[in-house]
Amino acid sequence: MKKIKVSTFLFGAALSALCGCNIDPEYHKEVDPNTFFDSPEKVYMRLTPAYIHYTYNEAEGIERTDWARLQEFVTDEIFMPTRDGGHWGDGGIYLDMYGHNFSPVTTYGLNGAWEAVGQGVAKTWSVKEDIARFADFNKLFPNNPDSVRKSIYAQCDVLVAACYLRGLDFFGGMPICRDNKRPQGARATSLELFNYIDSLLISARPNLLKKAELGALSTGNVDQAIAASLRARLYFNAEAYIGQNRYAECAMICDSIIRGDFGPYALASDFTKIFGWGNETSDETIWNVPSSKTRRSVEAGNYDWSTHYNQRVAFGNMKLGAPQNGFCLTPSLSHDSMSLNALDIYDSNIDGCKGKSTTTYRLGSPFSKFHKDDVRKKQYVYTGGGTYKGMFLVGPQLSANGDSCRCSQTYPGELVSYVDQNASLYNKRVGKNEGGMLIKIGRYRTDKEGKNLRVYIDTIYYKADKPVNDGFRYAEENSGVRLLKFQPVPTEAEDYLRFDPDVPLIRLSEIYYMLAECKLRAGDKGGAAQLINQVKTRYFPGITPGEWEVQPGDLDDTGYRMLDEWMVEFLGEKRRRTDLVRWGKFHSEAWFDHTPKGDPNYNRYPVPIEARNANLLLDQNPGYGY
């Protein structure tokens with residue numbers, strides 16, 4: 001007899017919405033399915049693994065899942081440079097990703113991404129099949145057995161569609177698994193997979209509840225707006241997926257979501273209401289992954305693989321694990337503080353900019369593309385009681401009481417000060433008469449009496465003990481602005497708040513931006529600009545609109561400005577590669593230390609060799625040879 005193995009906790013308060021069941025954990029090693037489904041709670045407990053698999057791959061930190069790395073570390077906004085002493089060299093895997101040196105035999109996550117799609121589909125169908133076979137809905141849900149059954153089946157269908165949507169985006173056609181009863185076959189075409197995803201979403205939506213019916217804490221459950229949003233994403237990228245322009249259909253869905261046809265949604269007034277504490281009640285949220293200090297399903301903070309080894313000192317929270325000082329934003333400045341931006345409109349947004357570099361790029365330089373008055377473009381500061389300001393770690397890293405985050409490699413003992421550059425500079429301190437270069441650096445020390453700990457700006461002599469270079473391979477320990485957008489960090493006194501914010505997967509601003517781009521592609525630049533500015537206004541309280549608004553004339557058919565707006569609003573949200581592919585720039589455009597391959601075949605990843613060895617019916621994507 002088939003056994004069901006269960007060892008997990010329920011997927012947050014949202015799963016209790018239909019039956020009002022208790023959400024405290026229950027653990028089982030192996031159970032008989034004939035006797036397992038003895039309560040409504042057990043039905044939802046069996047549903048949980050389907051959610052957990054998908055949301056882990058979507059909501060964990062940028063550095064932790066293959067889906068995330070393959071969306072971010074290959075683009076112009078975030079990368080993992082090699083730092084002093086070869087840190088993060090890792091056999092060149094991140095350099096290969098950044099350089100688009102894709103191959104079926106790689107170690108940077110292709111097979112993991114392929115398997116995550118297949119496992120998600122198989123696990124979800126297993127959940128649906130067990131519930132269909134063993135759960136007596138008439139007995140367990142006597143008041144509404146049919147609607148509960150249809151809702152649970154529809155949730156499974158949407159989760160399968162969501163997994164396949166990632167697979168379509170990464171690889172094109174994949175084998176279509178409609179249940180777990182038949183062996184895996186050959187790859188479907190991209191069009192066949194596109195239509196299958198579409199059919200799942202269309203049939204599922206009417207059987208799902210709306211946000212108002214699920215309640216305020218229900219953002220983890222698949223509902224009608226989630227199904228509609230995923231379908232909008234499918235049509236939005238249809239030209240890249242199947243060569244068909246489906247923007248008009250995408251626009252119709254976006255209009256209906258904004259209109260409230262699938263539930264009441266509204267743009268948040270402040271970005272901290274989207275990503276910070278209490279965001280489970282945000283009206284902007286369409287799909288959040290529930291997370292809690294006591295029952296978290298994800299740990300999506302980016303500080304641990306991104307920030308300096310001693311960052312917890314600057315956070316004022318020694319309970320944090322030791323960070324790894326890895327990935328950062330692609331730089332806006334060269335080693336000599338010259339702007340890498342091709343357009344002058346962004347130069348005033350870069351502190352310390354000394355002019356225009358001889359080599360500039362239209363893509364990349366994310367920090368500079370935030371307007372100087374944008375409330376997000378501030379040093380992250382925790383202000384207590386679950387509140388904070390700023391979205392970046394940039395400049396000197398000091399805690400509120402003056403404790404400093406100190407360097408340990410490039411400038412040992414000096415204050416860590418993140419710079420919007422990625423280069424080898426002057427990392428050997430010398431005496432005044434030893435031929436060094438005079439620079440200014442913030443140093444953490446006391447006054448002459450040994451008191452008043454604070455930062456002093458000193459003039460110090462440094463000498464280059466290696467050539468001064470810009471590039472992926474030449475990062476120092478303070479190179480790169482760090483993004484602190486998800487899971488903000490409290491001080492040690494309030495460490496109990498850590499991990500409590502939910503993780504947004506779909507929010508209303510994405511619907512606004514999709515509709516804006518659809519209007520732009522249809523020739524309505526004024527309508528596109530108006531939608532973008534409706535979202536942006538929350539970032540400029542008290543600032544004259546004309547100084548930061550997008551004007552219709554800023555938007556053109558090249559897509560560069562639209563891509564800039566996507567980058568600024570959704571930085572780090574695991575979509576950048578998809579946006580670049582949609583505009584034809586992923587394979588064709590250069591950005592900081594990235595030379596384009598010029599081959600549109602690279603818009604899709606190769607099918608990993610492990611998958612082809614396991615299924616001899618799988619053919620390879622064009623351009624990869626084997």
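Laboratory data are not the source of any read-out in this text; all were calculated from the coordinates shown. Bear in mind the structure is a predicted one, so any value in this text is a computation, not a measurement. Note that we place each Cβ from the backbone using ideal geometry, even for glycine, and neighbour counts take in every protein chain shown.
Place a point 7 Å from Cα of LYS210 in the direction of its Cβ. Which residues in segment 253-277 have their backbone N less than 14 Å from it?
256-266, by backbone N distance to the label point.
Given the Cα-Cα distance of LEU191 and ASN101 and 0.36 nm per residue of separation, how much length would full extension add, in nm?
Length gained, LEU191 through ASN101: 29.7 nm.
Taking the Cα atoms only, what angle lies between the long axis of helix 224-236 and the longest principal axis of the chain, rounded to 10 degrees?
60
Take the Cβ-Cβ distance between ALA322 and ASP495 as r, set R0 to 22 Å, and report the resulting FRET efficiency rounded to the nearest 0.05.
0.90
Helix 190-204 sits at what angle to the longest principal axis of the chain, using alpha carbons and giving 0 to 90 degrees rounded to 10?
70
Where both residues lie in the chain, what percent of DSSP beta bridges are antiparallel, nearest 5?
So the antiparallel bridges amount to about 90 percent of the total.
Rank the residues GLU477, GLU547 as a footprinting-exposure proxy: fewest other Cβ atoms within 10 Å of their Cβ go first.
Ascending number of Cβ neighbours within 10 Å: GLU547, GLU477.
Could you give the distance between the Cα centres of segment 531-582 and segment 137-170, to the whole Å?
Rounded to whole Å, the Cα centres lie 35 Å apart.
If we count every other residue with Cβ under 13 angstrom of GLU547's Cβ, Lys/Arg +1 and Asp/Glu -1, where does the sum land?
Summing Lys/Arg as +1 and Asp/Glu as -1 gives -1.
Among 601-611, 165-175, how do they line up from the highest to the lowest mean number of other beta-carbon atoms within 10 Å?
Per-residue Cβ counts within 10 Å, averaged per peptide and sorted highest first, yield 165-175, 601-611.
Would you give the gap between the C-alpha center of segment 307-326 and the C-alpha center of segment 38-70, rounded to a whole Å?
Their Cα centres are 28 Å away from one another.
Taking Cα atoms, how many degrees apart are the long axis of helix 145-171 and the longest axis of the chain, rounded to 10 and kept between 0 and 90?
40
Grab the Cα-Cα distance for GLN530 and ARG182, subtract it from 0.36 nm times how many residues apart they are, and report the gain in nm with one decimal.
Length difference between fully extended and current span is 120.3 nm.
May I ask which of LYS519/LYS585; LYS354/LYS525; LYS42/LYS273; LYS42/LYS211; LYS354/LYS585; LYS273/LYS377 have a Cα-Cα span longer than 25 Å here?
From the list (LYS519/LYS585; LYS354/LYS525; LYS42/LYS273; LYS42/LYS211; LYS354/LYS585; LYS273/LYS377), the Cα-Cα distance tops 25 Å for LYS354/LYS525; LYS42/LYS273; LYS354/LYS585.
Give me THR595, THR285 sorted ascending by neighbouring Cβ count inside 10 Å, so fewest comes first.
Fewest to most other Cβ atoms nearby, the residues stand as THR595, THR285.
Sort GLU58, GLU239 by Cβ crowding within 10 Å, fewest neighbours at the top.
By the 10 Å Cβ count, ascending, the order reads GLU239, GLU58.
Using the beta-carbon distance between LYS150 and ASP619 and R0 = 30 Å, what value does 1/(1 + (r/R0)^6) give for FRET efficiency, to the nearest 0.05?
E(calc), rounded to 0.05, equals 0.20.
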